[in-house]
1. Given 253, 226, 272, which one is in the same structural domain as residue 343 (by TED's automatic domain parsing), more than 16 Å from the ligand (Cβ to nearest atom) and surrounded by fewer than 16 Cβ atoms within 10 Å (Cβ to Cβ)?
2. Return the total of residues in the range 170-193 being more than 15 Å from the ligand (Cβ to nearest atom), surrounded by fewer than 17 Cβ atoms within 10 Å (Cβ to Cβ) and assigned to a loop (DSSP other than H, G, I, E, B).
3. Inspect the range 96-117 for any residue being touching a residue at least 60 places away in the same chain (Cβ under 8 Å), touching a strand residue (DSSP E or B) at 6+ places or on another chain (Cβ under 9 Å) and within 16 Å of the ligand (Cβ to nearest atom) and give the result as yes or no.
4. Restrict the check to the range 204-215 and report whether at least one residue is free of Cβ contacts under 8 Å to residues at least 24 places away in the same chain, assigned by TED's automatic domain parsing to the domain that holds residue 339, crowded, with 17+ Cβ neighbours inside 10 Å and away from the ligand (no atom under 16 Å from the Cβ).
5. So the check is Cβ under 6 Å with 6+ separation or different chains; which pairs have a first residue in the range 44-61 that's without any contact (Cβ under 8 Å) to a residue 24 or more places away in the chain and a second one that's surrounded by 17 or more Cβ atoms within 10 Å (Cβ to Cβ) and in a loop (DSSP other than H, G, I, E, B)?
6. Given the options 359, 290, name the one that is part of a helix (DSSP H, G or I), surrounded by fewer than 24 Cβ atoms within 10 Å (Cβ to Cβ) and touching a residue at least 24 places away in the same chain (Cβ under 8 Å).
7. Can you name every one of the helices (runs of 4 or more DSSP H) wholly within the range 61-113 that holds 3 or more residues which are outside the structural domain of residue 47 (by TED's automatic domain parsing) and surrounded by 15 or more Cβ atoms within 10 Å (Cβ to Cβ)?
8. Could you count how many residues in the range 293-323 are assigned to a loop (DSSP other than H, G, I, E, B), within 23 Å of residue 225 (Cα to Cα) and either away from the ligand (no atom under 14 Å from the Cβ) or over 17 Å from the mean Cα position of the chain (by Cα) (or both)?
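The values are calculated or read from the model by the stated rules, or taken from the named source; none is laboratory data. As the structure is a prediction and not an experimental result, all values here were calculated from the model. Glycine gets a Cβ as well: all are built from the backbone with ideal geometry, and neighbour counts include every protein chain shown.
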Ligand code: AMP
């Protein structure tokens, strides 16, 4: 379903541009979102369930919201939308908001939301992600449709698994049978050997300077906006990242141990400079393709992350896209080796607030909101 565009425009028309409040569920990447919103001079509102969360924020005064909305359950947010609109709130979506509310509830949340909510539906399903990324020119790991065909390392991923929970590696059908949970929907992907890079890009459709992206297909040649690389991380995944210390995969299996991929943290990285042109080419294609996916001329807006493995042939295999801020950008509250080359101390959270500020100055806030 989703919210009709006219409704969003009506809400925004009633907002006081001098009183815009940045609202966020206090989790995931909200410390940098709140901190960045403050740096750009916005009022801030935190949304939380349980006093522990509010107390935690007192440990980080630079990110403490001006006001809290305390709920019994995150789904209550759906009934608080009018109260939030009266406070001129723009909500910033992140992985936890979508998880807590459910993708469909989030699409129907009656509150102006930063970015394009419709793009999240392309991200939410592995098949549609593949369609999007391949249209954008990304090479993805091969998919094995029939588990009997496994003849080399593959990774088995469950639909909607959060933080890699339950994923496992299989070398053949026997491995697969031993570990698989057939109750869950799964995908079998070629296990790509190489180094992982989680590249945090930002697409600003209202900026007319910098690295400009042009449309493809129906939008051929149309100037779509400015692409930036803000930062890059590598996830810490427990326990696969430390597994090698215990011996070979065979030794580990003898001990009845299997690697797991549960995200526990993030580390800053940079990629070798000669790979940057390719990284930009992939991100540019992804943005251009996003404007082809739907009939409307509204595609990727704001932060997105391409998750890739670079092989020893220096090829990128993109295994996932997140069409919103990722928690991997959290190490960069004070800037990154990439964003510092545009402006010092520009986190992704602050970049979101900056784009809202710029749109208010230009009178085109609606171009960033859905
Ligand atoms: P995902 O849920 O797709 O982000 O995957 C979670 C983790 O699994 C990644 O961060 C990687 O460590 C690993 N992974 C995912 N896909 C692949 C792949 N095709 N080859 C190797 N490792 C992968």
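1. Just a single option satisfies the conditions, and that option is 272.
2. So the answer is 4.
3. yes
4. For the range 204-215, residues free of Cβ contacts under 8 Å to residues at least 24 places away in the same chain, assigned by TED's automatic domain parsing to the domain that holds residue 339, crowded, with 17+ Cβ neighbours inside 10 Å and away from the ligand (no atom under 16 Å from the Cβ): absent.
5. Qualifying pairs under 6 Å: 44/65; 46/26; 46/65; 48/26.
6. One residue alone meets the criteria, 359.
7. none
8. The number of residues fulfilling the criteria is 8.
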